[in-house]
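The values are calculated or read from the model by the stated rules, or taken from the named source; none is laboratory data. Quick caveat: nothing in here was measured; it's all calculated off a predicted structure. Cβ sites come from the backbone with ideal geometry, for glycine too, and all protein chains shown count toward neighbours.
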Amino acid sequence: MLKGFYRLGRPINALAGCVAVFVSGYVAGAPSWLPVILAASVVLLITVSTNAWNDYIDIDIDRINKPGRPLPSGEISPRQALIFSTAGTVLSLGIAAFINLHAFYIAIGANLLLYLYSWKLKCTVLWGNAAVAAIVALCFIFGGVAAGNIQPTLMLAVTVFFAMMGREILKTMADYRGDLQERCRTIATAWSKQTACNFMIAFLGITALVMLAAFFIEQYSVFYLLIVVFCMLPLFAYIAFNARRTNSEDKLERLSLFMKYGFFAWFLAVVLGAS
């Protein structure tokens, strides 16, 4: 059963968010790392609890798209998933309260927005994508709040917002079949996968421009520019090119994961650039 809860919460999905908190804490010049560590643990708990809630809401869709997940496979019951999700949410708020009042308010807002996303916003054209993108971008603000200095993290948040908009739209393309069967409106099911692909490429283009602009605005070192030019821009080009060429949902899902983990190169760029 423990393995089932692990798969339900998918804590590995929180890795990027936790790293984002540490990166923003570093860029913000955290005088103490304890609040930043606590902030990362809050991100982990929010991710785990809302993943469980999302699976609870999406159990019928997952029977088509991902039948091996704990709920559609019967490994975890819906009631157990709901208790697990609630416990994670309460614990995340308790830890956030120990950081500072602003962190507590952000944790409340993030939890509410993610629960609302799974309940209502997911099956909307772009609104659900924007909600997830805003939450991920907020991880950088959260790290800055924990460090006591949000100004250096604002450009990071803007960059990640546009990048996540592209990735979330890519995921609607990967989930097209199940969303269509369950009548879940997304940009892919409502406006076509081709239109979704065009939007995804546009957001990746905006992300590339913002990344380059950050080099001048934040006065990062040349290491930042080299990683962006030789790692991130080719990554975006590869994803855009292959997303246009394939209709396979499995391949689109792999492109989504490739983009997610490829972003760790940008984290490195920020750390090297800021130092």
Item checked: Pair list, Cβ < 8 Å and 6+ apart or interchain, from the range 215-236 residues that are under 20 Å from residue 165 (Cβ atoms) to residues that are among the hydroxyl-bearing types (Ser, Thr, Tyr) and buried (at least 16 other Cβ atoms within 10 Å of the Cβ) -> 236/207
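Yes/no matrix, rows are residues, columns are (1) free of Cβ contacts under 8 Å to residues at least 24 places away in the same chain; (2) closer than 28 Å to residue 266 by Cα; (3) among the acidic types (Asp, Glu):
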{"residue": "16", "(1), (2), (3)": "no, yes, no"}
{"residue": "49", "(1), (2), (3)": "no, yes, no"}
{"residue": "60", "(1), (2), (3)": "no, no, yes"}
{"residue": "64", "(1), (2), (3)": "no, no, no"}
Notebook entry, point to check: Taking the stated definitions as given, is residue 149 of a type outside the set (A, V, I, L, M, F, W, C) and over 18 Å from the mean Cα position of the chain (by Cα)?
Noted result: yes
Margin query: Among the residues of the range 54-63, are any modelled with pLDDT of 90 or more and either hydroxyl-bearing (Ser, Thr, Tyr) or part of a helix (DSSP H, G or I) (or both)?
Written below: no
Next item on the list: Consider residue 169 carefully, then state whether it is within 18 Å of residue 131 (Cα to Cα), modelled with pLDDT of 95 or more and either of a type in the set (Lys, Arg) or buried (at least 21 other Cβ atoms within 10 Å of the Cβ) (or both).
Entry: yes
Check: Can you name the residue in the range 51-64 that is over 20 Å from the mean Cα position of the chain (by Cα) and under 19 Å from residue 13 (Cβ atoms) and, of all such residues, is surrounded by the most Cβ atoms within 10 Å (Cβ to Cβ)?
Finding: 61
Note to self: Given the criteria more than 18 Å from residue 140 (Cα to Cα) and either without any contact (Cβ under 8 Å) to a residue 40 or more places away in the chain or not in a loop (DSSP other than H, G, I, E, B) (or both), does residue 269 qualify?
What the structure shows: no
Check: In the range 80-94, which residue that is under 16 Å from residue 7 (Cα atoms) and loosely packed, with under 15 Cβ neighbours inside 10 Å is nearest to the chain's Cα centre (by Cα)?
Finding: 82
Note to self: I'm trying to understand the selection: among the residues of the range 158-194, which are closer than 29 Å to residue 19 by Cβ and without any contact (Cβ under 8 Å) to a residue 40 or more places away in the chain?
What the structure shows: 161, 164, 165, 188
Checklist line | residue 119, sole failed condition from (1) more than 15 Å from the chain's Cα centre (by Cα); (2) more than 15 Å from residue 57 (Cα to Cα) | finding: (2)
Note to self: One residue is enough: does the range 95-113 have a residue meeting the conditions within 25 Å of residue 261 (Cα to Cα) and surrounded by fewer than 21 Cβ atoms within 10 Å (Cβ to Cβ)?
What the structure shows: yes
Item checked: Any chance residue 130 is surrounded by fewer than 21 Cβ atoms within 10 Å (Cβ to Cβ) and either among the hydrophobic types (A, V, I, L, M, F, W, C) or touching a Leu at 6+ places or on another chain (Cβ under 7 Å) (or both) -> yes
Notebook entry, point to check: Just for the range 185-235: of the residues that are of a type in the set (Phe, Trp, Tyr) and under 30 Å from residue 123 (Cα atoms), which one is surrounded by the fewest Cβ atoms within 10 Å (Cβ to Cβ)?
Noted result: 191
Margin query: Taking the criterion of being within 20 Å of residue 20 (Cα to Cα) and in a helix (DSSP H, G or I), would at least one residue in the range 236-251 satisfy it?
Written below: yes
